[in-house]
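Everything on this sheet refers to the single structure shown next.
The values are calculated or read from the model by the stated rules, or taken from the named source; none is laboratory data. All of these numbers come straight from a predicted model, not from anything done at the bench. FYI the Cβ positions are ideal-geometry reconstructions off the backbone, even for glycines, and counts take in every protein chain you see.
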C-alpha cells in the first residue's frame, strides 16, 4: 500500500464523511467531556484537568497518527480542544471514562462500525450479548472441576522460602535509587537519576 498525504486523501469524495461516521461514538463522548476539561502543560508534559473536581491527568503529546485523526475530525470536535492534547483526551475517554477492564461499559447507541477511536474491548462488550440471561450470569469456568480442586495455593511460608532460594547471593547486586522524575509519564524528558 502506498502511503498518501492526508491532504491528498481529503480530495477523495466521501472520505471525510466516512471518518466522521466511523468516529461518531468517540466524537460524541469527546463532545460530552470537553466542556468540563482544562488543558495545560507542566515540565514539558501535557495535562488535562476536570473542572468539577480538579482531577489532573498527565499523558503524552499528540503524535502523527493521532494528529491526522484530529485533522480529519477537526470540524466536528470541540473548538477549544487543542491538537497537542488530542491524544491525551483520547486516552481519557478510552482509559478513564471507559476503562478496559470493565466489559460492561461501552458508549451507548452506536454500532461497532461507529466506534473507531475506541479499543476492541469497547466494541465487543457485555451489552452486545443478545441473550439477557447470558448477559446477567458470570462466564463459565474454563477449568475442569477435577483439576481445579487438585490445585492448592502455596502458603506464604513456602512462597517466601522459594523466593529466598532464587534471590541473588548477598553482595552480588546493588540497590539503585530511582529519581522522582521517573515516577510519572514523561514523553519528552529523559529518565534521570539512576546511577550507573
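Of (1) assigned to a loop (DSSP other than H, G, I, E, B); (2) in contact (Cβ under 8 Å) with a residue 60 or more places away in the chain, residue 68 satisfies all except one. Which?
The failed condition is (1).
Yes or no: residue 143 modelled with pLDDT under 95 and either touching a helix residue (DSSP H, G or I) at 6+ places or on another chain (Cβ under 6 Å) or assigned to a loop (DSSP other than H, G, I, E, B) (or both)?
Here the answer is yes, as residue 143 does meet what is asked.
Check residue 48 against each of (1) surrounded by fewer than 18 Cβ atoms within 10 Å (Cβ to Cβ); (2) touching a strand residue (DSSP E or B) at 6+ places or on another chain (Cβ under 7 Å); (3) not in a helix (DSSP H, G or I) and name the one condition it does not meet.
With respect to (1) surrounded by fewer than 18 Cβ atoms within 10 Å (Cβ to Cβ); (2) touching a strand residue (DSSP E or B) at 6+ places or on another chain (Cβ under 7 Å); (3) not in a helix (DSSP H, G or I), residue 48 is out only on (1).
Looking at residue 84, is it surrounded by fewer than 18 Cβ atoms within 10 Å (Cβ to Cβ), part of a helix (DSSP H, G or I) and at pLDDT below 90?
Against the criterion (surrounded by fewer than 18 Cβ atoms within 10 Å (Cβ to Cβ), part of a helix (DSSP H, G or I) and at pLDDT below 90), residue 84 does not qualify.
From 64, 79, 50, grab the single residue that is touching a helix residue (DSSP H, G or I) at 6+ places or on another chain (Cβ under 6 Å), modelled with pLDDT of 90 or more and farther than 18 Å from residue 118 by Cβ.
So the residue among 64, 79, 50 that is touching a helix residue (DSSP H, G or I) at 6+ places or on another chain (Cβ under 6 Å), modelled with pLDDT of 90 or more and farther than 18 Å from residue 118 by Cβ is 50.
Determine which single condition residue 134 fails, assuming it passes every other condition in (1) more than 21 Å from the chain's Cα centre (by Cα); (2) assigned to a loop (DSSP other than H, G, I, E, B).
Of the numbered conditions (1) more than 21 Å from the chain's Cα centre (by Cα); (2) assigned to a loop (DSSP other than H, G, I, E, B), the odd one out for residue 134 is (2).
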